[in-house]
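See below for the structure under consideration.
The values are calculated or read from the model by the stated rules, or taken from the named source; none is laboratory data. This is a predicted model, so every value here is computed, not measured. Neighbour counts run over all protein chains shown; Cβ positions are idealised from the backbone, glycine included. Remember, those area values only see protein heavy atoms, side chains included, never the ligands or the DNA or RNA. Shrake-Rupley method; radii C 1.70, N 1.55, O 1.52, S 1.80 Å.
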2 protein chains.
Amino acid sequence: MLSPPVNRLITEFGRLPGIGQRTAQRLAFHVLKTPPDEALALADAIREVKETVGLCETCFNLSVGPECRICQDARRDAELICVVEEAGDVIPIERTNEFRGRYHVLGGALSPIDGVDPEDLHITELVGRVEGNGVREVVVATNATTTGEATALYLADLLRERAPRVTVTRLASGLPVGSDLEYADEVTLGRAFRARTQL
Amino acid sequence: MLSPPVNRLITEFGRLPGIGQRTAQRLAFHVLKTPPDEALALADAIREVKETVGLCETCFNLSVGPECRICQDARRDAELICVVEEAGDVIPIERTNEFRGRYHVLGGALSPIDGVDPEDLHITELVGRVEGNGVREVVVATNATTTGEATALYLADLLRERAPRVTVTRLASGLPVGSDLEYADEVTLGRAFRARTQL
C-alpha cells in the first residue's frame, strides 16, 4: 500500500539498533513530513561521516585523519592505555576528567556464541603497543557485562604473558553514586562489599 | 572531542521525533561502525523519498504522482470520505479492511496552544470536496486525544453548516478488544457505557 521508496526508508530505519518496525515507520513519516532541507541534512550527515571519519591507525578510535586527536596530543600520558570496547566508550571516560592517558578501542568484546573471537578484535595491535613502547599500565575498561568481563580476563592473561612488567587494572565495581542500597542487585552489592575501602 | 562530522550526525539524528541525545549518539556510532553500503542505503533512502514522494493533490495522502493510488482507484467509494490527521493514520485503517471509501489527510490537528489553526490544516480543501461532489458521509477519524476531539467537533460544526445534507460520523470510543475492564480508564469505560449496544 505504501510506495516502494517509503517502504525502503522504513526498512533502512529499521536496521538501526533499537529501532523496531513501528518506530521505523514513525521516523519515515517524520522524514516525509519534514521540509526537504532538514531531511536531506540527515542524509548528508550520514554520507559525510562515512566519507570523512575513519579509525585512528594507532588506537582505532574515530579519527578524521590517520591519527586521532588524543594520540596526537603530546600532553597525554603515553605510558597509560585505557582499553575500551567501542569508540563511543571514550566519550563518557573523557567526561570524567580522571584519565589523561591514551586509549585502545577493541571494536567489540569477546563472545564465542556470537562468533567474536580474539582475531576479530584489535587485540594483536594492543599487544604490539604494550610490548613496544614503555607502557606502564593498561586499564581494562570493557563493559561490566559477561562478555566485557570475559574480554578483560582474556586480556589480563595475555598481557601477563606477553608483557609481564606492565600492570593491568580493571575499573572498580560497586554501588553507583547516589543510589540506594535497597535497589542494588546482589552481585553489585557483593562486589561493593569485597572491594570496601577504609574510611 | 568528537569531530564536527560526527557531531553533525548526532545533531541530525537528535532532530528525529522520540530520539534523545543518547539515542542519537548511539545511532551515530552505529552508522560509523556499519559498512559504508548499509549506511549510505539509509542516506539514499531519505534522499529518494524526498525526491519522489509528495502529497496527493486531492486527499493529501502520500503519493508518488499527483494523485495517490487510493484516489485513482475507481473501485473505492467516492461518496465516503475518512478524515485523518496524518498520512500514517491511513495504514492502520486500511489494515482493518473495514473502509472502502477515500481519505482526506488534514496534516495535523487543531491546537491553538501550539499555533495550529484551521488555515494550517487542509480543511478548506475538505469542505471543497464535500460541497462539490456527491459525498454521502464523512467519517472523522482524528485521534481520540484532546486535539483530535476538538478537531472532530470543529469539522462537524463546519460541515453541518456548509454541507447540511452530508452525514458526519466519528469513530466509536470504547474498550479495546481483548482488554480487561479492570485496567480501563474511567473516561473510556464511561464512553463504553454510554455507547453500549444491544446484544
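Please figure out what share of the DSSP beta bridges in the range B:76-170 is antiparallel and state it in percent, rounded to the nearest 5. Present the calculation step by step, with values, prior to reporting the outcome.
Numbers: 1 of 14 bridges.
Taking every DSSP beta bridge within the range B:76-170, about 5 percent pair in antiparallel fashion.
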Checklist outcome for this item: Straight-line reach check, B:Lys33, cutoff 18 Å on alpha carbons, 8 or more apart in-chain or any other chain, hits among lysines -> A:Lys50
Checklist outcome for this item: With the dipole of the range B:76-170 defined by +1 on each Lys or Arg Cβ and -1 on each Asp or Glu Cβ, the option from B:Ile123, B:Asn143, B:Cys82 whose Cα lies farthest towards the positive pole is B:Cys82
Checklist entry - the range A:53-77 to the range B:12-36: how many Å between their Cα centroids? => result 22 Å
Item to check | Amide H within-cut-off set for A:Val139, under 5 Å, with H built and near neighbours excluded | outcome: A:Ile81, A:Cys82, A:Val83, A:Thr169
Item to check | Nearest-0.05 FRET efficiency for A:Asn143 and B:Leu189, computed from C-beta distance (R0 51 Å) | outcome: 0.65
Checklist outcome for this item: Going residue by residue through the range B:113-123, the Karplus relation 6.51 cos²θ - 1.76 cosθ + 1.60 with θ = phi - 60° gives ³J(HN,Hα) values, rounded to whole Hz and with x marking Gly or Pro, of 5, 9, x, 9, 9, x, 6, 7, 10, 7, 8
Checklist entry - When N counts the residues of the protein assembly as shown, how does its alpha-carbon radius of gyration compare numerically with 2.2 N^0.38 Å, as a ratio? => result 1.34
Next on the checklist: Once you compute Rg and the Kirkwood Rh from C-alpha atoms, what is the Rg to Rh ratio for chain B?
Outcome noted: 1.06
Checklist outcome for this item: Label points for A:Glu57 built 7 Å along Cα→Cβ; distances to same position in the other copies, nm, shortest first, come to 5.9
Item to check | Accessible area buried at the B-A interface, both sides summed, 1.4 Å probe (Å², nearest 100) | outcome: 4700 Å²
Checklist outcome for this item: In degrees, nearest 10, the alpha-carbon axis of helix A:4-14 is tilted away from the dominant principal axis of the alpha carbons of chain A by 20 degrees
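Roughly speaking, what is the stretch gain from A:Ser179 to A:Thr52, that is 0.36 nm per residue apart minus the C-alpha to C-alpha distance, in nm to one decimal?
Additional length available on full extension: 41.6 nm.
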Checklist entry - Tell me, what % of the accessible area of chain A is carbon and sulfur with a 1.4 angstrom probe? => result 52 percent
Checklist entry - Based on the Cα coordinates of the range A:76-170, what is the per residue volume of their convex hull in Å³? => result 86 Å³
Next on the checklist: Explain nothing, just compute: Karplus ³J(HN,Hα) = 6.51 cos²θ - 1.76 cosθ + 1.60, θ = phi - 60°, for every residue of the range A:165-177 in order, whole Hz, x for Gly and Pro.
Outcome noted: 8, 8, 7, 10, 10, 10, 4, 5, 9, x, 6, x, 4
Next on the checklist: Using helices alone, I'd like the mean residue ellipticity at 222 nm for the protein assembly as shown: each DSSP H run of four-plus residues gives -39500 (n - 2.57), total over residue count, nearest 500.
Outcome noted: -13500 deg cm²/dmol
Next on the checklist: Which of A:Leu158, A:Leu126, A:Leu16 ends up with the largest GNM mean-square fluctuation for chain A, with Cα atoms connected below 10 Å?
Outcome noted: A:Leu16
Checklist outcome for this item: Magnitude of the Cβ-charge dipole (Lys and Arg +1, Asp and Glu -1) of the protein assembly as shown about the Cα centre, nearest 20 debye, reported as 220 debye
Next on the checklist: Under the rule of at least 5 residues apart or a separate chain, name every residue whose amide H is placed under 5 Å from the amide H of A:Gly101.
Outcome noted: A:Asp77
Next on the checklist: Please list, in order along the range B:97-106, the HN-Hα scalar couplings obtained from phi with the Karplus expression 6.51 cos²θ - 1.76 cosθ + 1.60 (θ = phi - 60°), rounded to whole Hz, x for Gly and Pro.
Outcome noted: 6, 9, 10, 10, x, 9, 10, 9, 8, 6
Next on the checklist: Please report the antiparallel percentage of the DSSP beta bridges confined to chain A, to the nearest 5.
Outcome noted: 20 percent
Item to check | DSSP-defined antiparallel bridges as percent of all bridges, the protein assembly as shown, nearest 5 | outcome: 20 percent
Item to check | Two-site label geometry, A:Asp157 and B:Ala172: point separation in nm, points 7 Å out along Cα→Cβ | outcome: 6.5 nm
